[in-house]
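Structure, as structure tokens:
The values are calculated or read from the model by the stated rules, or taken from the named source; none is laboratory data. Given the structure is predicted, the values throughout are model-derived calculations rather than measurements. All Cβ positions, glycine included, derive from the backbone under ideal geometry; neighbour counts span all protein chains shown.
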Amino acid sequence: MFGSLLHSETTQTHSVTSPYGKRMSFTFRYSYVGSSWRAYIVSSPSYGIRSNDWHSTHRYYDDGKGMYYVCWTENLARLDHMVEVSKLWAKKTAEYIDTGRKF
């Protein structure tokens, strides 16, 4: 379904449950940049007491858009693949916020 959306943008919100049962919502804007999709982070829970540096949180920063996006080094030409990556990132981020376990 999503794989056919080339060179456009779409926004989706995904909710995950942390290891301690907290529901956390993440909103992503998916944009096709160069030869790959990116998942820009529109909103996410606070990192609270956890470090929010780029390395610990697996995020890059796009100066042009003024937004963070999910760190993924492979080119993803299909949107559905980027959506799955961002869902995994949200799940791991919720775990990091809750437990401090790095990913």
Notebook entry, point to check: Has region 65-83 got any residue that is surrounded by 13 or more Cβ atoms within 10 Å (Cβ to Cβ), under 12 Å from the mean Cα position of the chain (by Cα) and at pLDDT below 95?
Noted result: yes
Margin query: Tell me the residue from R29, R101 that is surrounded by 15 or more Cβ atoms within 10 Å (Cβ to Cβ) and free of Cβ contacts under 8 Å to residues at least 60 places away in the same chain, please.
Written below: R29
Next item on the list: Kindly indicate whether any position in region 26-48 is part of a helix (DSSP H, G or I) and not acidic (D, E).
Entry: no
Next item on the list: Would you confirm whether any residue within region 83-95 is out of contact with any helix residue (DSSP H, G or I) (no Cβ under 8 Å at 6 or more places or on another chain), under 21 Å from S8 (Cβ atoms) and outside any helix (DSSP H, G or I)?
Entry: no
